[in-house]
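The values are calculated or read from the model by the stated rules, or taken from the named source; none is laboratory data. On a predicted model such as this, the values are computed, not experimentally measured, just so you know. For neighbour counting, all protein chains shown are included, and Cβ atoms are generated from backbone atoms with ideal geometry for every residue, glycine included. Quick note on the areas: whole protein, heavy atoms, side chains included, nothing else; ligands and nucleic acids left out. Shrake-Rupley method; radii C 1.70, N 1.55, O 1.52, S 1.80 Å.
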Amino acid sequence: MNDNEGAGARRLAQTAAPAAPFRELRSLWFQLTGTLCNLACRHCFNASGPRHPWLPGLDATGIRRYIEEAEQLGVREFYFTGGEPFLHPELLDLLADALAVAPTTVLTNGTLIDDGMADRLAALAAAAAYSLEIRVSLDGATADENDAVRGHGSFDRALAAICRLSARRLYPIVTATEVAAAGRGPGLYDRLRRLLLEAGVDRPRIKIIPIFAMGRLAGREPDRRLTPELLDGYDTARLQCTETRAIADGGIYACPILAGLRQARVGTGRLADALGPASLDHAACYTCFETGMSCANF
Ligand code: SF4
């Protein structure tokens, strides 16, 4: 049990956490490489990295079984994440399988997308029945700003990948957290947009997401929890755990943010049996409530 799980278990014993009812299976996430990543960003909410990943990756057979079941349940979107999904040897085949069923997104740090990979992704997108989205993380509009968070050289490599994908009309969604911008005032969106336009990205798409008090930021951000009183009058349908599930090592989890944490596990077998209420007993739930955060593209 890691720190996040331990804290959650203690709290569950102390209070009855509020829960969000499930509505429909809109999206299904796969934590493809677990927490294996070639970077070790200092704000990573699931503490991914190259050494000793605490969460193993998924095998392709299990993923295909869940794609099939999700199709029967009317799923509308798939997402592949990690860790770094491009470290998985079967990523492209799995994307093709998912794209036969629904629009599919892969989240990446972009550092492994060279020209050859960009060509293969473009071919995959061109042949697919549904749209392929690629989200590339970039946490600042300059190398200094980004690399302080994501590691030396990551800015140049991510920006190069964004340009390669854009040149092939894949229009990546650049995803930035507010961590690098803290203390730099408003304007991260504008600064990123200017950067992308100047780099030749003719249709910049940008998603800004908040930081979470977990993973590498556990204990460094306020640990606030939801209560039934806070949720009084609040429409829980705004929370993504009412319409999503995440597949990660060990089973099915309430949402991609909490994938792999035992306290958020809602099933170990069939998806259909894991579509009940989700407990909102985690500091991340407060962030969702406070910011309206969704891991979905838009
Ligand atoms: S972290 Fe957000 S999406 Fe996940 S269970 Fe909590 S409120 Fe729901």
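Quick notes
- Wholly within region 69-150, helices (runs of 4 or more DSSP H) carrying at least 2 residues that are free of Cβ contacts under 8 Å to residues at least 60 places away in the same chain and farther than 26 Å from Arg245 by Cβ: 115-127, 143-150
- Of all residues in region 258-280, those that are within 14 Å of Leu226 (Cβ to Cβ), part of a loop (DSSP other than H, G, I, E, B) and either open to solvent by 50 Å² or more (accessible area, probe 1.4 Å) or more than 8 Å from the ligand (Cβ to nearest atom) (or both) total 1.
- Residues (of a type in the set (Val, Ile, Thr), under 19 Å from Leu159 (Cα atoms) and part of a loop (DSSP other than H, G, I, E, B)) located in region 193-238: Val201
- Evaluating Ala272 against the criteria (1) closer than 20 Å to Leu217 by Cβ; (2) touching a residue at least 60 places away in the same chain (Cβ under 8 Å) leaves one unmet condition, (1).
- Residue that is farthest from Ile67 (Cα to Cα), among those in region 235-257 that are open to solvent by less than 50 Å² (accessible area, probe 1.4 Å), within 13 Å of the ligand (Cβ to nearest atom) and not hydrophobic (A, V, I, L, M, F, W, C): Thr236
- Tyr66 under 26 Å from Phe155 (Cα atoms), hydroxyl-bearing (Ser, Thr, Tyr) and either open to solvent by less than 60 Å² (accessible area, probe 1.4 Å) or modelled with pLDDT of 95 or more (or both): no
- Residue in region 134-145 that is modelled with pLDDT of 95 or more, more than 29 Å from Leu25 (Cβ to Cβ) and open to solvent by less than 30 Å² (accessible area, probe 1.4 Å) present: yes
- If you filter region 281-298 down to residues that are within 9 Å of the ligand (Cβ to nearest atom) and open to solvent by 30 Å² or more (accessible area, probe 1.4 Å), you find that the one that is nearest to Leu217 (Cα to Cα) is Tyr286.
- Residue within region 30-49 that is more than 30 Å from Gly153 (Cβ to Cβ), open to solvent by less than 70 Å² (accessible area, probe 1.4 Å) and hydrophobic (A, V, I, L, M, F, W, C) present: no
- Here Ala246 clears all of (1) touching a residue at least 60 places away in the same chain (Cβ under 8 Å); (2) among the hydrophobic types (A, V, I, L, M, F, W, C); (3) part of a loop (DSSP other than H, G, I, E, B); (4) under 22 Å from His43 (Cβ atoms) except the condition numbered (3).
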